Each structure stands twice: as structure tokens, then as C-alpha cells.
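Each remark here refers to the structure printed beneath this line.
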Amino acid sequence: MNKGLAIYPGSFDPTTNGHLDLIERGAKIFEELVVAILRNSEKVPMFSVAERLEMLRELTAHLKNVRIDTFDGLMVEYAKSMEAICILRGIRAISDYEYELQMALMNRKLQPGLETVFMMPAAKYSYLSSRLVREVAQLGGPVDCLVPDLVVQKLREKMDVANKFGDGAGSARESEARAAERMSNERKTKSRKKKS
């Protein structure tokens, strides 16, 4: 068993500066750090697993003891298959702590030898999540200070494609506005007919 192997699991959809902060700091603590992307068929991700793998590999290429992998099912089973002794998790707020504590206790129940190490993000990333980044990007806001340059580029490409084919946030807002205007015009027309 490799006493120095830890797993940092997550969806990384997309990878944020907060994720990279934890990966770089975790790489200094553990002999080997496996960043494990969860394959979740129940969620519709912005980036495919293959895209997330490619981005994370490029973003962590300078960290020689970091490996990128994917998993599905129970994380403790994956950790056992990797002979890991530790799970690395980031905690940004009290709400994170409550959820992560429950998960850590359940993991310990399922796999007593598996420890969980909680790390606080750098203060400047304490509010940052992949969900927020996706929302800001979809609404056309700047994400340059939230994610690495590579991810900014990939997000722009996604938004360009989405808008081109009419399923982006901008197109969705435009469709909603047109539908609201159409309904308003229909109400006005009906009102005029009643008056006449």
C-alpha cells in the first residue's frame, strides 16, 4: 500500500482557480495526489469528462506527483482500488463543512482505514465554485479572475457554439423576451377586440 497516495475527487466542471490552489498545495503534502473526476450520468455537464480530463492534465502538467483519473460509483470503492489512504476535500464555508462532515463520517463507516483531510482555500477563492463560474459565463460575465486562462478560452468556445446554435444563455434570454412580447401583444389584441 502506498502510504502517500491521496485522492482529490470532484466534478471539476470546470476547473477553477480554487481547485488548482488545493491541487498545488495537496501535491506538496502527499507523495502522490490523484485528482479524480466523477463520471455522473445523472447530471448534464457543461464539459464532457474527456474535456475535463484534457484541461486538468494540461493545468497540472508541472506537478510531477499529480495524476488525473476518472471514476464512477462509490468514491470509497475507487479509493480502495487505488490503495489510497486519504481523501482531500476543500471547505469554503460552514455549509460546506456540514455536508463534508457527513460524507467523511459515511466514508469512514464504509472504509474505516480511509482518512479525510479538509483544506481551506486561499481567502481570495473562498466564495468560488464551478456552479458560479458556469452561471457567470452563461450570462456573459467575465470569468478571467475565477479560472485559469485555458478554462477561460474553453468557456468562450462553449458559449460561442451555444449562442451560434441558439441554445446559449443569451439566446435563451432573447427567446424569453420574444415570448413575453408576443404574449403581451396577444393580450392587447384581445383587449381591443373586446372593446370594439
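The values are calculated or read from the model by the stated rules, or taken from the named source; none is laboratory data. Since this is a predicted model, take the numbers as computed values, not measurements. As a convention, Cβ positions derive from the backbone with ideal geometry for all residues, glycine included, and neighbour counts pool all protein chains shown.
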Do we have any residue at all in region 3-10 that's assigned by TED's automatic domain parsing to the domain that holds D160 and in contact with a His (Cβ under 8 Å, 6 or more places away or on another chain)?
-> yes
Tabulated pairs, region 78-107, first free of Cβ contacts under 8 Å to residues at least 60 places away in the same chain, second assigned to a helix (DSSP H, G or I) and charged (D, E, K, R), C-beta under 8 angstrom, 6+ apart or interchain | I91/E100
Every pair of residues 6+ apart whose Cβ atoms lie under 6 Å, when the first sits in region 27-46 and is farther than 16 Å from E115 by Cα while the second is in a loop (DSSP other than H, G, I, E, B) and of a type in the set (S, T, N, Q) = A27/N65; L38/S11
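Over 21 Å from M159 (Cβ atoms) and either surrounded by 16 or more Cβ atoms within 10 Å (Cβ to Cβ) or touching a residue at least 24 places away in the same chain (Cβ under 8 Å) (or both): which single residue out of N65, N17 fits that description?
Values: N17 fails: over 21 Å from M159 (Cβ atoms).
Unique residue meeting the criteria: N65.
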Select, from R173, R134, the only residue that is loosely packed, with under 14 Cβ neighbours inside 10 Å and either modelled with pLDDT of 90 or more or over 13 Å from N17 (Cβ atoms) (or both).
-> R173
In region 81-131, what count of residues is obtained for those that are outside any helix (DSSP H, G or I), within 15 Å of the chain's Cα centre (by Cα) and surrounded by fewer than 15 Cβ atoms within 10 Å (Cβ to Cβ)?
-> 2
Sort out which residues of region 13-68 are within 15 Å of the chain's Cα centre (by Cα), among the charged types (D, E, K, R), more than 25 Å from D160 (Cα to Cα) and part of a helix (DSSP H, G or I), and write them in order of number.
-> D21
